[in-house]
Amino acid sequence: MKPFEELTLQGKIRRMRQLVQYALNAYDLADIRFKFLRQAGNTLFQVNEANPTLITKANLYAPGQYLLRIHQPGYQAPTAVELELEWLSSMCRDADLPVPEPVLTLDGRLYTQVAIPGIPEKRICSLLRWVNGHELNRERIRPHHYNALGELMARLHNHAAYWKPPVSLSKRKYDWDGLFRKEGEDGIPSSETWVLLPPEYTEPFETISRKVKHVMDKWGKSPDVYGLIHGDLGMEANVLFWNGDVRIIDFDDSGFGYYIFDLSIVLEDSQDHQIQPQFRDALLNGYARVRPLSEDQIRNVDLFLAAFAVYWSLYAADAVQNHPENREEIFKRMSRYFRLVENYLASN
């Protein structure tokens with residue numbers, strides 16, 4: 001049998017389909033079909049039941065439709081995957097938040113683990129109910145969309161502030177160490193990727209790092225400023241709309257961080273939009289209707305967006321070493337982030 005690493009993408013997908021068949025045996029599903037969606041770190045398949053039963057929240061979830069995730073080995077520890085699924089379950093059960101609902105296995109577990117010949121390592125697989133909705137085209141995005149997302153994020157952060165995760169579970173941290181220095185579960189430590197940055201990036205990026213550390217040290221990590229966050233939200237990523245309602249998906253990169261960091265990331269993809277200030281105000285106003293923001297938090301939104309730019313650039317400087325074919329695209333985005341950082345420093 002040909003080693004998995006030597007297969008083409010189509011060959012890997014065919015082999016993954018065999019793993020899907022074993023994984024779905026762990027769930028109470030009947031007469032199912034599935035199809036490959038995409039490879040995005042995790043390998044994703046859409047699963048459909050031919051004769052679905054009626055469910056509650058049918059407006060939120062498509063009856064008989066699911067997302068099966070084959071989790072990327074090494075990206076998250078099993079305890080991190082379990083914490084994400086526990087959090088999602090609690091948000092659905094206790095706060096009625098419009099997020100994916102995990103489906104339990106026949107033996108009541110949040111995920112299953114599958115190993116088959118021809119695929120290295122045992123793979124963690126989780127099944128989520130399919131969330132109805134669609135992403136917005138850039139041309140259709142308006143301030144009221146940001147307003148609705150801000151309100152939903154405030155509800156999500158309210159839940160995170162009071163929910164007590166199982167003490168045995170842990171997840172990544174988006175604190176100062178996690179953003180700029182901490183050794184991750186894969187790749188090389190961020191502290192070593194600084195030397196991979198273009199030389200002209202180093203000084204302004206380090207200035208952002210120092211400014212963020214000052215703010216984080218002042219704020220501390222009390223539940224009013226720090227807790228579980230999504231970590232990867234943008235109006236063009238992981239946000240769906242359905243009949244005017246907003247939903248949030250893909251919590252794979254969630255972790256513990258500052259709520260303002262979560263809000264700031266939402267504004268990243270609108271930086272070049274001519275009405276970006278209106279988007280910013282709408283997002284913050286929607287959030288503040290549910291969860292108050294201090295003047296200090298509002299004042300530092302743009303700083304935390306600059307911190308995200310530095311964090312992503314450090315990650316990308318490492319990633320390009322293993323994926324040189326993406327070098328042009330990565331450095332184009334990194335250059336955009338460098339300009340964002342320079343603009344912030346020039347005005348603050």
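Taken together, the values in this text are just the output of simple stated rules run on the coordinates, not laboratory data. Quick caveat, the model's predicted, so the values are computed rather than measured. Ideal geometry is used to build each Cβ from the backbone, glycine not excepted, and the neighbour counts take in all protein chains shown.
Here are the numbers:
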| item | result |
| --- | --- |
| Karplus 3J(HN,Hα) series, Hz, for region 56-72 with 6.51 cos²θ - 1.76 cosθ + 1.60 (x for Gly, Pro) | 6, 6, 5, 6, 7, 10, 6, x, x, 10, 9, 10, 9, 10, 9, 6, 5 |
| Nearest-0.05 FRET efficiency for residue 315 and residue 224, computed from C-beta distance (R0 41 Å) | 0.90 |
| When the convex hull of its Cα atoms is projected in every direction, mean area for region 43-114 (nm²) | 5.6 nm² |
| Count of lysine pairs in region 97-242 with Cα separation under 19 Å (8 or more residues apart, or interchain) | 14 |
| Nearest-ten-degree value, helix 78-94 long axis tilted from longest Cα axis of the chain | 90 degrees |
| The chain: angle of helix 276-290 to the longest principal axis, Cα-based, in degrees nearest 10 | 70 degrees |
| Volume in Å³ per residue [convex hull over Cα atoms, computed for the chain] | 149 Å³ |
| Crossing angle, helix 143-162 versus the chain [Cα axis fit, 0-90 degrees, rounded to tens] | 80 degrees |
